[in-house]
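S.K.: One structure is given below, represented as structure tokens, and several questions about it will come after.
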2 protein chains.
Amino acid sequence: MADRTGVLEAAQRALNTDPAASMTAVAEAAGISRATVHRHFDSREALLVELGTRSLDQWEQRLDDVGVEALAAAPDAVAIRAALETLVLGYVDDSDGFGFALTDHVILASAALERRTQVLADREAVLFAAAQSVGVLRTDLPVRFFGHAIYGLLVAAREAVRVGDVARRDAGRLVLSSLLTGIAQP
Amino acid sequence: MADRTGVLEAAQRALNTDPAASMTAVAEAAGISRATVHRHFDSREALLVELGTRSLDQWEQRLDDVGVEALAAAPDAVAIRAALETLVLGYVDDSDGFGFALTDHVILASAALERRTQVLADREAVLFAAAQSVGVLRTDLPVRFFGHAIYGLLVAAREAVRVGDVARRDAGRLVLSSLLTGIAQP
DNA sequence: CTCATGTGAGACACTGATGTCTCATTCGAA
DNA sequence: TTCGAATGAGACATCAGTGTCTCACATGAG
């Protein structure tokens, strides 16, 4: 557990439990000394930024996997709808590990991460716009809002699972279903 | 601005800008000295808990205004649907001021506040259950999830407004509309 | 075996924030 | 005007966390 990745995983666990976890807490979670943690990461902020970067890496990977640009280039309603579902379910999975990053103020305050977040949000928005153009997503909502709505429901699901109102395995279905068709009886 | 309420309002402003705002920052925001802030609130935690309490007061007030229990006692689809809309729009308004409390870890960590949150969530759930029984809310989603979904969309709207993707005046409509009918084109 | 590398333990200085306290000043009511 | 209460300014001790450093020890490669 003393390698860089082990520290990151331990930090993830510790921070998911307590978002204010100290370097000492991270070291304990990793089963190593605080000195060794500092040998891997100069500062707590550096550690958090790296975790934030990894969470953005996962986000980017999801966008790659789904092939956002290809879908936008040759819009097909069925394919886009399927891609949206895959994407959201993927996010729910990812948020299991990186959920704390959704609301961590240190991570959110990093200018570099915020910039990259913007870039990824832009990429995502391309898919949303295509989805609107083929009638998959509503056109009376701003493209920019879709990403935020997904983000919000991820936070919601994470909290619901945390307090025990929702089973982890149900989270994906609930997020996707309420996101796409809402909670009202049609 | 030196009275208790003035300090609370200033703290609200300061914390909405920077959730980690120190007592010094709060004092500056209130235009008074740090000593006077401490004359009103023994500790930073006490100040945060009071702010959290006030946000729960507002929540409770919204539930009172809407008459949750009366609606549940004599379920009427139209009335319940209207109540839900009023409720959610009210929450969006309230989150303007108390938005920071949605994700503040100190407030969320308070046992007393968490307990009261649970009580209010229970009250709210009564309305949701009634809404399900009269066909206003979907029955294939757990009652417990509705509250979380609203919470998540409040966080989403707050963030969307913060980064400038959504105008404040549009937030209510977007939250309500995406909550009830989803973001997919029907 | 020997040595180099990595690690743990702990000391250390530093920082930012908190909470307490004092004292002079201000302000308002009597 | 006078007196008392509230305030501002600032000193102070305390605390938790951070980041640096040293040294002893273990471990593994040669």
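S.K.: What three numbers, in Å, describe the spread of the alpha carbons of the stretch A:115-180 along their principal axes, ordered from the longest?
M.R.: Answer, in whole Å and largest first: 38, 30, 17 Å.
S.K.: For chain B, give the percent of accessible area contributed by carbon and sulfur heavy atoms, probe 1.4 Å, rounded to a whole number. Before the final figure, lay out the partial values.
M.R.: Details: 4440 of 8280 Å².
Of all accessible area on chain B, carbon and sulfur atoms account for 54 percent.
S.K.: Then there is this: Separation between the B:Thr139 and B:His105 pseudo-spin-labels, each 7 Å from Cα along Cα→Cβ, expressed in nm?
M.R.: Computed distance between label sites B:Thr139 and B:His105 equals 4.3 nm.
S.K.: Next question. Taking the label point as lying 7 angstrom from Cα along the Cα-to-Cβ axis, what are the distances from A:Thr5 to the corresponding position in the remaining copies, in ascending order and in nanometres?
M.R.: Label-point distances to the other copies, shortest first: 5.9 nm.
S.K.: Could you state the number of Å between the C-alpha centres of the stretch A:127-186 and the stretch B:92-144?
M.R.: Cα centroid of the stretch B:92-144 versus Cα centroid of the stretch A:127-186: 18 Å apart.
S.K.: Let me ask something else about it. Summing both sides, how much accessible area is buried between A and B? Use a 1.4 Å probe and give Å² to the nearest 100.
M.R.: Numbers: alone 10140 and 10140 Å², together 16550 Å².
Roughly 3700 Å².
S.K.: Among B:Asp65, A:Asp94, what's the order by accessible area (1.4 angstrom probe), most exposed first?
M.R.: Details: B:Asp65 110, A:Asp94 30 Å².
Putting B:Asp65, A:Asp94 in descending order of accessible area: B:Asp65, A:Asp94.
S.K.: How big is the charge dipole of chain B about its Cα centre, in debye rounded to the nearest 20, if each Lys and Arg gets +1 on its Cβ and each Asp and Glu gets -1 on its Cβ?
M.R.: Value, rounded to 20: 200 debye.
S.K.: Taking 0.36 nm per intervening residue step and subtracting the Cα-Cα distance, what contour gain separates A:Ala70 from A:Asp93 on full extension? It would help to have the intermediate numbers written out before the result.
M.R.: On the way: separation 23, 0.36 × 23 = 8.28 nm, distance 2.36 nm.
Gain in length upon complete extension: 5.9 nm.
S.K.: From the C-alpha gyration tensor of the stretch B:43-181, pull out the three semi-axes of the equivalent ellipsoid (sqrt of 5λ each), sorted largest to smallest, in whole Å.
M.R.: On the way: eigenvalues 126, 73, 31 Å².
Calculated on Cα positions only, the semi-axes equal 25, 19, 12 Å.
S.K.: While we're looking at this one, here's another question. Taking N as the number of residues in the protein assembly as shown, what is its Cα Rg relative to 2.2 N^0.38 Å?
M.R.: For the protein assembly as shown, the normalised Cα radius of gyration is 1.03.
S.K.: So what's the gap between the Cα centers of the stretch A:1-56 and the stretch B:41-82, to the nearest angstrom?
M.R.: Measuring centre to centre over Cα atoms gives 39 Å.
S.K.: Please identify the trypsin sites (Lys or Arg not before Pro) of the stretch A:77-141 that satisfy two criteria: DSSP loop assignment and at most 11 other Cβ atoms within 10 Å. Which are they? Walk me through the numbers on the way to the answer.
M.R.: On the way: sites: A:Arg81, A:Arg115, A:Arg116, A:Arg123, A:Arg138; in loops: A:Arg138.
In loop regions of the stretch A:77-141 (DSSP not H, G, I, E or B), there are no sparsely surrounded trypsin sites (Lys or Arg not before Pro).
S.K.: A further question on this structure: Compute the relative contact order of chain B as a whole-number percentage, counting only Cα pairs closer than 8 Å that sit 6 or more residues apart in sequence.
M.R.: Working: 163 pairs, mean separation 39.8, N = 186.
That works out to 21 percent.
S.K.: Sticking with this one: What is the dipole size for the stretch A:1-41, taken about its Cα centre, with +1 at each Lys and Arg Cβ and -1 at each Asp and Glu Cβ, in debye to the nearest 20?
M.R.: On the way: 4 positive and 4 negative charges, 26 e Å.
With Lys and Arg at +1 and Asp and Glu at -1, about 120 debye.
S.K.: Still on this structure, please answer the following. So, in nm, how far is label A:Arg13 from label B:Thr5 when the simple model puts each one 7 Å beyond its Cα toward the Cβ?
M.R.: With each label placed 7 Å out from Cα toward Cβ, I get 5.0 nm.
S.K.: Also, quick follow-up: Along the charge dipole of the stretch B:43-181, which of B:Pro75, B:Leu154, B:Ile107 sits closest to the positive end, that is, farthest toward it, with unit charges on the beta carbon of Lys, Arg, Asp and Glu (+1, +1, -1, -1)?
M.R.: The one lying farthest along the dipole's positive direction is B:Leu154.
S.K.: Let me ask something additional. Just to be sure I understand: with springs between alpha-carbon atoms less than 10 Å apart, which residue in A:Leu108, A:Leu141, A:Leu176 has the highest mean-square fluctuation in the Gaussian network model of chain A?
M.R.: A:Leu141
The values are calculated or read from the model by the stated rules, or taken from the named source; none is laboratory data. Owing to the predicted nature of the structure, the values given are computational and were not obtained by experimental measurement. FYI the Cβ positions are ideal-geometry reconstructions off the backbone, even for glycines, and counts take in every protein chain you see. Protein only, heavy atoms only, side chains kept; ligands, DNA and RNA dropped before computing areas. Shrake-Rupley method; radii C 1.70, N 1.55, O 1.52, S 1.80 Å.
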